[in-house]
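Working notes for the structure below.
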Amino acid sequence: MKSDDTMERRHRVKRRGNIRRIRQRNRRVALFVVVMCVAAAGIFHVVRARQQNEAEQAYAEQMAEQENQAAREKDSQEGDLKLADEDEKNQWYLKLVNAKNPMTQEDVPEVATETVDSNGYQVDARIIGDLQEMFDAARAAGRNPVICSAFRSWDTQEYLYQNKIERVMAEEGLSEEEARKEAGTVVAVPGTSEHQVGLALDIVSSEYMNLDDKQMETEDQQWLMENSWKYGFILRYPLNKSDITGIIFEPWHYRYVGKEAAKEIYEQDITLEEYLGAEPVGEASAIESDSEESSAE
């Protein structure tokens, strides 16, 4: 009997030892699993962070390459353009006059003018030959364009501008400052109009004399737009270029730039600003028309 009790105690002791060892092993396994999970999570985050960094770096490199490609294409396009030589930019016939290149009354060049027609319009005497040749060719082609504005002195431009200011103040009840801003959307501020250097003309069809987009549809204007470059003239404010010229589309405003420059500007479909490498003026918000008020209205 005693021997049986002893054996039973031994079995219980052994079972408790086994249970303790099993629990210890389970704790070690659980701890190992926790450690492995933490390690795996850490590795996952490290790998994910590395992948994200690599993706961001790849994206940045891709965007930089796209920007470089665009810059190369732009440089290539600009490099393909034939622009004015530095010496040529200083020639009288390429003088740039716009809102970002205004003239003061003192630096407006003195212009020897010559009368163009029976209406008394005048231009720089140096362009009269090419101008008459262009009108002769137009008439030979059955066209009959008419000049409605040409050279304006500083005093004439000042009168047009001041007169518009006074009318706006009287008609709209604006302050002088507000009226000046409003007037500048119709009449060019003195010093910013090409008409003041005798190289610009407003030419309309004899069959339609309004200064609006319909002018472009006339046969007289179509002929001028296609042929004026042959005689040294360009359509100064072409369609879809107002962000560069600062002037709305004016299918009646022609500017003398010389035959070589006119050919290059026409063939490349660029503006005088682009040809001279000048800074764009911006959207046509300051001036809506560079024509005389009497014609514009």
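Mind listing whichever residues of the stretch 82-99 are open to solvent by 90 Å² or more (accessible area, probe 1.4 Å) and assigned to a loop (DSSP other than H, G, I, E, B)?
Correct list: Lys82, Asp85, Glu86, Asp87.
Please indicate, with yes or no, whether at least one residue in the stretch 166-180 is of a type in the set (S, T, N, Q) and in contact with a strand residue (DSSP E or B) (Cβ under 7 Å, 6 or more places away or on another chain).
No, that holds for no residue.
When you scan the stretch 233-287 for helices (runs of 4 or more DSSP H) that lie fully inside it, which ones turn up with 2 or more residues that are of a type in the set (Val, Ile, Thr)?
Because the criterion is at least 2 residues that are of a type in the set (Val, Ile, Thr), the helices (runs of 4 or more DSSP H) in the stretch 233-287 that meet it are 242-245.
Does Gln221 meet the test of being at pLDDT 95 or above, within 28 Å of Glu178 (Cβ to Cβ) and over 24 Å from the mean Cα position of the chain (by Cα)?
In short, no.
When you go through (1) modelled with pLDDT of 95 or more; (2) surrounded by fewer than 19 Cβ atoms within 10 Å (Cβ to Cβ); (3) under 24 Å from Thr104 (Cα atoms) one by one for Asp269, which number turns out not to apply?
Among (1) modelled with pLDDT of 95 or more; (2) surrounded by fewer than 19 Cβ atoms within 10 Å (Cβ to Cβ); (3) under 24 Å from Thr104 (Cα atoms), Asp269 violates only (3).
Assess whether Gln221 counts as being assigned to a helix (DSSP H, G or I), closer than 30 Å to Glu166 by Cα and open to solvent by less than 20 Å² (accessible area, probe 1.4 Å).
Against the criterion (assigned to a helix (DSSP H, G or I), closer than 30 Å to Glu166 by Cα and open to solvent by less than 20 Å² (accessible area, probe 1.4 Å)), Gln221 does not qualify.
Looking at the stretch 152-202 only, could you name the residues that are in contact (Cβ under 8 Å) with a residue 40 or more places away in the chain, open to solvent by 10 Å² or more (accessible area, probe 1.4 Å) and within 25 Å of the chain's Cα centre (by Cα)?
Of everything in the stretch 152-202, those that are in contact (Cβ under 8 Å) with a residue 40 or more places away in the chain, open to solvent by 10 Å² or more (accessible area, probe 1.4 Å) and within 25 Å of the chain's Cα centre (by Cα) turn out to be Thr185, Val186, Val189, Pro190, Thr192.
Could you say whether any residue in the stretch 245-258 is more than 24 Å from Gly120 (Cα to Cα) and of a type outside the set (A, V, I, L, M, F, W, C)?
Scanning the stretch 245-258, I find at least one residue that is more than 24 Å from Gly120 (Cα to Cα) and of a type outside the set (A, V, I, L, M, F, W, C), so the answer is yes.
Within the stretch 196-244, how many residues are of a type in the set (S, T, N, Q) and under 29 Å from Ser153 (Cβ atoms)?
Count: 8.
Say whether the condition of being closer than 26 Å to Glu260 by Cα, surrounded by 15 or more Cβ atoms within 10 Å (Cβ to Cβ), touching a residue at least 40 places away in the same chain (Cβ under 8 Å) and hydroxyl-bearing (Ser, Thr, Tyr) is met by at least one residue in the stretch 132-151.
Looking for residues that are closer than 26 Å to Glu260 by Cα, surrounded by 15 or more Cβ atoms within 10 Å (Cβ to Cβ), touching a residue at least 40 places away in the same chain (Cβ under 8 Å) and hydroxyl-bearing (Ser, Thr, Tyr), one finds at least one in the stretch 132-151, hence yes.
Taking only the stretch 224-247 into account, find how many residues are in contact (Cβ under 8 Å) with a residue 24 or more places away in the chain, crowded, with 18+ Cβ neighbours inside 10 Å and either in contact with a helix residue (DSSP H, G or I) (Cβ under 6 Å, 6 or more places away or on another chain) or not aliphatic (A, V, I, L, M) (or both).
Number of matching residues: 14.
Taking the stretch 235-264 on its own, how many of its residues are under 15 Å from Leu276 (Cβ atoms) and among the basic types (Lys, Arg)?
Final tally of qualifying residues: 3.
Select, from Ile244, Ile248, Ile287, the only residue that is within 18 Å of Ala200 (Cβ to Cβ), β-branched (Val, Ile, Thr) and modelled with pLDDT of 95 or more.
None of the others qualify; the one that does is Ile244.
Out of the stretch 182-207, which residues are closer than 15 Å to Leu272 by Cβ and part of a helix (DSSP H, G or I)?
Of everything in the stretch 182-207, those that are closer than 15 Å to Leu272 by Cβ and part of a helix (DSSP H, G or I) turn out to be Glu194, His195, Val197.
The values are calculated or read from the model by the stated rules, or taken from the named source; none is laboratory data. Here the structure is a predicted model, which is why all the values come from computation and not from measurement. Cβ: placed from backbone, ideal geometry, glycine included. Neighbour counts: every protein chain shown. These area figures cover heavy atoms from the full protein model, side chains too; ligands, DNA and RNA do not enter into them. Shrake-Rupley method; radii C 1.70, N 1.55, O 1.52, S 1.80 Å.
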